[in-house]
Amino acid sequence: MSAAVCAVLLAGCGSTGPKQVVRSPATTTTTTTTVPVAPVAWLTTYGSIFATLLNDIAAANGSGGGDAGLHASCVTFQTDVQKAQSFPRNANASAAAAFSAMLNTDMTSTQFGQPVDDGTLAAAPTTCVNDPDPLDTLGNEASNDHITLVFSAAPPLIEAAQKAAQSAAAGVAVPAPNIPVTVTPQVVANQSGSGAADLPVFTIPTTAQGWTLTWSYNCASFGFQGNFIVSIYVSNVGDPYNQGTPDTSDPGVNELGISGSRTENYSDAGTFAVKVNSECSWTVSVSYTPSSPYSPIP
């Protein structure tokens, strides 16, 4: 995004942190009919939506009139996105998947070294409409939060969906959508301490792309080498004492030293309990990577 656009949208480009806003819940695509429409007919009837959405984004990025101008652009954008959500499914499965990815891909970015959930194209206009101060005249929103970011990241998604619809109508094979997005790992347990402790029971869904256990320990205050042991258990549902059964397929950690750190990778799913035992200070975090954000329209 150009500096000029940034100057229009962002009152606080040089500030120290993003504004905290309440995000609109992510929405998923709905359809008014379960009958798919043939690719040529779909493109003829609904194909103009791609140019419309691109124009909406351009208008929002260049909107004048401060908060009122951006708000008006977001209202138009919201109306057009809701119209797109009402469209029937393209009979070409790949074109339908690309259209769904356009609306439902959860985009992420990094602000000040921290991951930020930018939301989806389907949700962003509503978030903008509901924000009473989208430009943040106080100058405390370094990149207009996720709104500008989604407006910047969405055009490639729209253009890919448009190309897929055009290819399907022309009878050309449509490749599955391959739009690069960042999937943010979901942290399900995170704890620091010393001595023995049980982390909260957590569940890794079957759709996850594996999970990780990241750990570190430091025995500097202990004065010499110490033990650091992490044991993984398959949690027994309803067990009030969180005893669980030792997980023989997921080896834990057993270290002896002054300090250390590492990330362990696992590939199974289920409900687990993690127990830590060490004389030293330690930190343990468990996270999993969600499945691909692409979800074809049902």
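The values are calculated or read from the model by the stated rules, or taken from the named source; none is laboratory data. On a predicted model such as this, the values are computed, not experimentally measured, just so you know. For neighbour counting, all protein chains shown are included, and Cβ atoms are generated from backbone atoms with ideal geometry for every residue, glycine included.
Per-structure values
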item: Pair list, Cβ < 8 Å and 6+ apart or interchain, from segment 78-98 residues that are more than 13 Å from L43 (Cα to Cα) and not assigned by TED's automatic domain parsing to the domain that holds V129 to residues that are aromatic (F, W, Y) and assigned to a strand (DSSP E or B); result: none
item: Cβ pairs under 9 Å, 6+ apart, first in segment 200-211 and within 14 Å of Y266 (Cα to Cα), second surrounded by 12 or more Cβ atoms within 10 Å (Cβ to Cβ) and among the charged types (D, E, K, R); result: I204/D268; G210/D268; W211/D268
item: Selected residue [farther than 18 Å from I57 by Cα, of a type in the set (D, E), at pLDDT below 75 and not in a strand (DSSP E or B)] from D117, D133; result: D133
item: Within segment 188-236, strands (runs of 3 or more DSSP E) holding 3 or more residues that are buried (at least 18 other Cβ atoms within 10 Å of the Cβ); result: 211-218, 226-234
item: Subset of segment 167-187 (residues that are at pLDDT 90 or above and part of a loop (DSSP other than H, G, I, E, B)); result: A170
